[in-house]
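First the structure, in the form of structure tokens, and then the observations on it.
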Amino acid sequence: MRRRGHWLLYAYCAYLLLPLYWLLNMALRRNQDIAAGLEVIPANATLANFAEIFNNPVWYEGFGNSLTYVSLNTLISVVVALPAAYTFSRYRFVGDKHLFFWLLTNRMAPPAVFLLPFFQLYSAIGLFDTPLAVALAHCLFTVPLAVWILEGFMSSVPKSLDEMARIDGHRLPYFFLRIFLPTIRGGIGVTVFFCFMFSWVELLLARTLTASSAKPIVVVMTRTVSASGLDWGVLAAAGVLTIVPGVAVVWFVRKHLVKGFAMGRV
Amino acid sequence: MADRRPDNRAWLGVLPVLLVVAFSAVVPLMTVVNYSLQDIFDPHNRLFVGFDWYRDILRDPRFVSALLRQLAFSAAVLAIEVPLGILVARSLPTEGRLAPLFLVIVAVPLLIPWNVVGTIWQIFARPDIGLLGATVAWLGLDFNYTSSVVDAWITLLLMDVWHWTSLVALLAYAGLASIQAPYYQAAEIDGASRWQVFRHVELPRLKSVLIIAVLLRLMDSFMIYTEPFVLTGGGPGNATTFLSQYLTSMAVGQFDLGPAAAFSVLYFLLILLMCWLFYTSVMREDRS
């Protein structure tokens, strides 16, 4: 009743979409056409740039590597964060507040700080250049975030639910897995969204911890630029492809997201 | 939080998180602190040097200028993104067929890999092949972000606003969604103007999400690396070299372990200090 779309919203959306349109425009043109001059609507639109990516194993394996470590990271983060968030929301124990805030401070650590020690640590234990190394490194910021978001959702569930389950004679693991988790599935959806998002978009750690066999798509992109000079068309096509998973995720969780935003922490 | 049950066995519940964080944060951080106090020639030949590296870093003019640029960048980004984000959140429709579509459009920049954000703006702003760059050139203005310091900063700010205003907007949107209709009805009965509604009804209820938004933007803008690295490479000259980029060139490029480690510790402490100062000042104001 109070808010309607008006000129500011349209202007903002145009500002967001114009650069994206231009990326798509570039992706649909050949390099000689790009060099020839500006075309607001591509005259000779072609899918050749996309074809090149799908026919080159470096590109599509990079895509697979990225999806592997992002999924691994999201899985690890949510699995370890669930019991911790429940503990923080339901129990009082020695050092609980300090622990909670200390966890959050890890979100404030610049990834650049961790380059060197991560490189040495993962090399020493033989995880260097594996998707697992990147997944674990990204836990640096996804785990604190996951605990924080989940704690917010769990605290909004009345404690009488726990009491009732206890009176009914359910043991804690049964209650947690079969009753509690389904109640907060919206919150788990929001958490998955944020873990996925922050792991998918990161470049610095992913680049440092991989060499050849686990190279993620974003790193393939930066290296292609330097190798072949200015292959704008393929670069733009790769850019378009990296946007697809994110848009798909946000489209699928859009309803959860609105509800999740409204009731939870984030 | 008040009626939580006291039980120290609860530590078992947080143990998995502690193990993961110990591995991914504590061990590396301790390594950095360790390096920052020693001069390492090889693994068996090291010398304790105390705070020498810290002194060197604080006297390094390139560190100081990167820090000043970083502060200017973060201040500019917060000053634009927070008000704009609130305005966008207020104009987002809450219901109707188009509401989810607008929400998805607003969320899209957040889901694009950071180096792709750099690439998008590189392509968009170039004077030869970019829509923005070519349009500005067509207007008769000399615009080139690779050679002019001012143009580089403008492009960088446009890019960051493009990339991150949506985060503030979505958080504020969530905050606004939790305000119930009676508040607005009461304000309407009192004949409140739009500004008064915002100032006395919306802003107080947005406070907690805005604190989160400012904290996130403050720390993330302070850690920015990838986007300027792709867009300008830190140039022209060093005009857009921020802390993370200088640190990365020191640690990975030149392999200066000691100074880079001291830099890292200072960098982390600085972000902690800023977040703590902001948070406590907001909270103190709340109490008084």
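The values are calculated or read from the model by the stated rules, or taken from the named source; none is laboratory data. What you see is a predicted model, and the numbers here were worked out from it, not measured in a lab. All Cβ positions, even for glycine, are placed from backbone atoms using ideal geometry, and neighbour counts span all protein chains on display. Protein only, heavy atoms only, side chains kept; ligands, DNA and RNA dropped before computing areas. Shrake-Rupley method; radii C 1.70, N 1.55, O 1.52, S 1.80 Å.
Observations on the structure shown:
- Principal axis extents of the Cα atoms in the protein assembly as shown, from largest to smallest and rounded to whole angstrom, are 75, 73, 50.
- Cα shape, the stretch A:11-154, gyration tensor, a/c 1.5 rule: prolate
- Two-site FRET efficiency, B:D56 against B:L273, from Cβ-Cβ distance with R₀ of 30 Å, rounded to 0.05: 0.90
- Evaluated on the stretch B:1-111, the Kirkwood hydrodynamic radius is 20.5 Å, with distances taken between all distinct Cα atoms.
- Pairwise FRET efficiency - B:M283 versus A:E61, Cβ, R0 = 51 Å, nearest 0.05: 0.55
- Helix axis angle, A:111-124 relative to chain A longest principal axis, alpha carbon, degrees: 80 degrees
- Listed by chain and number, the aspartates and glutamates whose alpha-carbon sits under 16 Å from that of A:K215, ignoring those within fewer than 8 places in the same chain, are A:E61, A:D129, A:E202.
- Share of carbon and sulfur in the accessible heavy-atom surface of the stretch B:155-233 [1.4 Å probe, %]: 59 percent
- Accessible area buried at the A-B interface, both sides summed, 1.4 Å probe (Å², nearest 100): 9000 Å²
- About the Cα centre, charge dipole magnitude for the stretch B:13-72 (Lys/Arg +1, Asp/Glu -1 at Cβ), debye: 220 debye
- Relative contact order of chain B, pairs being alpha-carbon contacts under 8 Å that are 6 or more residues apart, as %: 27 percent
- Using a cutoff of 8 angstrom between alpha carbon atoms and counting only pairs six or more residues apart, the relative contact order for the stretch A:7-68 works out to 26 percent.
- As a fraction of the 1.4 Å probe accessible area of the stretch B:24-65, surface on carbon and sulfur atoms comes out at 64 percent.
- Distance in nm between pseudo-label sites at A:Q32 and A:V79 (7 Å out along the Cβ direction from Cα): 5.3 nm
- Phi to ³J(HN,Hα) by Karplus 6.51 cos²θ - 1.76 cosθ + 1.60 over the stretch B:213-229, Hz, x for Gly, Pro: 4, 5, 4, 4, 5, 4, 6, 5, 5, 6, 9, 4, 9, 5, 5, x, 4
- Anisotropy class of chain B from Cα gyration tensor, a/c 1.5 cut: oblate
- Selection from A:L47, B:A239, A:G187 lying farthest towards where the dipole of the protein assembly as shown points positive, charges on Cβ: A:G187
- The calculated 222 nm mean residue ellipticity attributable to helices in chain A amounts to -23000 deg cm²/dmol, summing -39500 (n - 2.57) over DSSP H runs of n ≥ 4 and dividing by all residues.
- Cα-based values for chain A, radius of gyration first and Dmax second, are 22.4, 76 Å.
- Relative contact order [Cα under 8 Å, 6+ residues apart], chain A, whole percent: 32 percent
- Rounded if a/c under 1.5, otherwise prolate or oblate - the stretch B:88-141, Cα gyration tensor axes: oblate
- Normalised alpha carbon radius of gyration of the stretch B:28-178 [divisor 2.2 N^0.38 Å]: 1.49
- Assuming charge only on the beta carbon of Lys and Arg (+1) and of Asp and Glu (-1), the dipole of chain B about its Cα centre is about 600 debye to the nearest 20.
- The mean accessible area for residues of the protein assembly as shown, using a 1.4 Å probe and ignoring ligands and nucleic acids, is 44 Å² per residue.
- For A:R92, residues with placed amide H under 5 Å, excluding near neighbours: B:R5, B:D7
- Of interest is the spacing of the C-alpha centroids, which for the stretch B:1-77 and the stretch A:89-157 amounts to 13 Å.
- Rounded to the nearest 20, the size of the Cβ-charge dipole of the protein assembly as shown about its Cα centre is 1620 debye, with Lys and Arg at +1 and Asp and Glu at -1.
- Cβ-Cβ distance of B:M30 and A:E52, R₀ of 45 Å, FRET efficiency by 1/(1 + (r/R0)^6): the value works out to about 0.45.
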